[in-house]
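Here's the structure, in structure tokens; my notes come after.
The values are calculated or read from the model by the stated rules, or taken from the named source; none is laboratory data. All values derive from a computational prediction rather than experimental measurement. Don't worry about glycine lacking a Cβ; one is built from the backbone with ideal geometry, like all the others, and counts go over all protein chains shown. Accessible surface is based on the protein model in full, side chains and every heavy atom, while ligands, DNA and RNA are left aside. Shrake-Rupley method; radii C 1.70, N 1.55, O 1.52, S 1.80 Å.
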Amino acid sequence: MSEPGMSLRVLVADDHSLFRDGIVSLLEAAGMTVVGEAGDGVEAVELATRLRPDLILLDIHMPEMDGLEALRRIRAALPEVRVVMLTVSDDDENLVAAVQAGASGYLLKNLDAKGFLASLRGLQRGEAAMTRKTMAQLMEALAEKKEERKSEPRDLLTSREEELLRLVAAGLSNKAIAQRLSISENTVKFHMKNILQKLNVRNRAEAAAYAVREGLVVPEAPE
Amino acid sequence: MSLRVAVLAQHSLFAEGLATRLREYKRVFEVFSIDATVVEDAIRRLLEAEPTIVIVDANDAGLLKEIPVTRLLNLLPGARVIQIDADSDRVQVFFSEQRYAPATNDLVSMMHDIAAV
């Protein structure tokens with residue numbers, strides 16, 4: 001990372017160009033150098049590898065590849081680069097997943113500009129780019145996760161994951177599930193990945209079969 | 001003469017970023033960033049600024065609860081309110097017009113005028 005006082009080199013990845021441009025202008029006005037902009041997760045990984053910025057601001061919900069997967073790939077390829085998630089999602093699961101995948105911070109888009117820039121500058125002092133509220137939320141979520149691991153697989157699923165599994169057991173595709181739950185397809189895929197890991201199964205068919213067999217869900221009749 | 005633009009935000013990185021970007025258009029816009037955390041202060045500053053355009057973030061839920069678009073239009077009758085949803089890149093423009101219509105004929109005439117626009 002750049003030495004304190006030197007201009008921070010930043011890559012901004014967000015699929016909403018108006019928002020992205022606003023962030024770029026804030027960063028530039030604060031004396032940081034925006035070396036690149038990405039509109040999806042694939043582009044974010046490519047640009048990160050090519051440009052080797054000091055810092056990447058990464059949205060979670062993006063097309064082609066979501067921010068969490070992009071984060072994992074960037075951290076694997078470029079462990080020295082700091083990645084801060086910048087998102088609307090205050091979802092516990094996203095927060096924990098981001099931190100476990102190596103994010104150096106997690107900032108919400110409803111933060112004010114002063115707080116946002118202060119958090120980024122804090123990275124140069126070795127601080128996490130996170131508000132105290134988010135930090136408290138993270139600690140609580142990690143404590144809950146620790147309790148969950150002691151339980152059986154059936155107790156590991158969140159209510160959202162159970163809801164999704166019901167729809168999978170009813171034969172709905174990811175796209176149909178996304179529409180039904182008013183979430184993005186990428187979010188459905190993210191939840192499915194977690195479900196497969198928690199149930200220790202290989203694919204959605206096995207997950208659905210396991211769920212019905214174990215009485216975890218009663219399949220919902222397809223429309 | 002530059003357009004007076006007020007960017008009103010309670011919790012919006014987007015709005016503050018946009019205001020910073022708009023300031024680059026110095027010859028076109030005179031930009032006022034108004035922090036709406038304390039609503040009555042924000043309204044006072046808004047009235048002092050006399051903007052032609054007010055920009056708000058459609059996702060700034062706290063702001064829009066305290067100062068909905070209708071209230072902005074009532075406070076600033078001649079202004080345009082631009083509500084931007086950065087999540088979908090959609091922009092809505094609101095404006096209101098106040099006219100005097102003491103009789104039904106006046107109202108009917110006004111309705112014809114509006115339909116003709």
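An oblate overall shape is assigned to the protein assembly as shown, the ratio a/c of its alpha-carbon gyration tensor axes (a ≥ b ≥ c) being 1.5 or greater and a/b not exceeding b/c. For region B:8-54, with all protein chains present and a 1.4 Å probe, just round the carbon and sulfur fraction of the accessible area to a whole percent. Ligands and nucleic acids excluded, carbon and sulfur reach 52 percent. Projecting the Cα positions of B:Ala103, B:Ile55, B:Ala86 onto the charge dipole of region B:38-117 (unit charges on Cβ atoms of Lys, Arg, Asp and Glu, taken about the Cα centre) puts B:Ala103 furthest along the positive direction. Positive contributions from Lys and Arg (+1) and negative ones from Asp and Glu (-1), summed over other residues with Cβ under 11 Å from the Cβ of A:Thr33, come out at -1. Rounded to the nearest 500, what is chain B's calculated 222 nm mean residue ellipticity when only DSSP H runs of at least 4 contribute -39500 (n - 2.57) each, over all residues? That calculation yields -11500 deg cm²/dmol at 222 nm. Counting Cβ atoms of other protein chains within 10 Å of each Cβ in B:87-95 and taking the mean gives 2.
Taking all protein chains as shown and a probe of 1.4 angstrom, A:Val45 keeps an accessible surface of around 30 Å². If we count every other residue with Cβ under 14 angstrom of A:Glu127's Cβ, Lys/Arg +1 and Asp/Glu -1, where does the sum land? Overall, the nearby charge balance is +4.
Modelled spin-label separation between A:Ala76 and A:Asp90, with each label point placed 7 Å from Cα along the Cα-to-Cβ direction: 3.3 nm. Rolling a 1.4 Å probe across all protein chains gives A:Lys175 an accessible area of roughly 120 Å². Which of rounded, prolate or oblate describes region B:19-117 when judged by the alpha-carbon gyration tensor and an a/c cut-off of 1.5? Here region B:19-117 falls in the prolate category. Using a 1.4 angstrom probe on protein heavy atoms only, the contact between A and B buries about 1400 square angstrom of accessible area, both sides summed. Name the residue farthest towards the positive end of the dipole of the protein assembly as shown from the options B:Leu75, B:Ala116, A:Met85, assuming +1 on Cβ of Lys and Arg, -1 on Cβ of Asp and Glu, about the Cα centre. Of the listed residues, the answer is A:Met85.
Just name one of A:Met65, A:Asn94, A:Ala76: the one whose Cα is farthest towards the positive end of the charge dipole of region A:49-128 (beta-carbon charges, Lys/Arg +1, Asp/Glu -1). The residue sitting farthest along the positive end of the dipole is A:Ala76. Would you mind classifying region B:1-47 by shape? Square roots of the alpha carbon gyration tensor eigenvalues, ordered a ≥ b ≥ c; an a/c under 1.5 is rounded, otherwise it is prolate if a/b is larger than b/c and oblate if not. Note, shape of region B:1-47 comes out oblate. How about A:Lys193: which aspartates and glutamates have a C-alpha closer than 14 Å to its C-alpha, ignoring those fewer than 8 places off in the same chain? Leaving aside aspartates and glutamates fewer than 8 places away in the same chain, those within reach of A:Lys193 are A:Asp66, A:Glu69, A:Glu93, A:Glu161, A:Glu162, A:Glu185, A:Glu206.
List, in the order given, every pair from A:Lys145/B:Lys65; A:Lys114/A:Lys198; A:Lys109/A:Lys145; A:Lys133/A:Lys175 whose Cα-Cα distance in the structure shown is over 31 Å. As for pairs spanning more than 31 Å Cα to Cα, those are A:Lys145/B:Lys65; A:Lys114/A:Lys198; A:Lys133/A:Lys175.
Per-residue accessible area (protein heavy atoms, 1.4 Å probe) orders B:Tyr25, A:Tyr210 as B:Tyr25, A:Tyr210, starting from the largest. Annotation: A:Met135 carries an accessible surface of approximately 70 Å², with a 1.4 Å probe and no ligand, DNA or RNA atoms counted.
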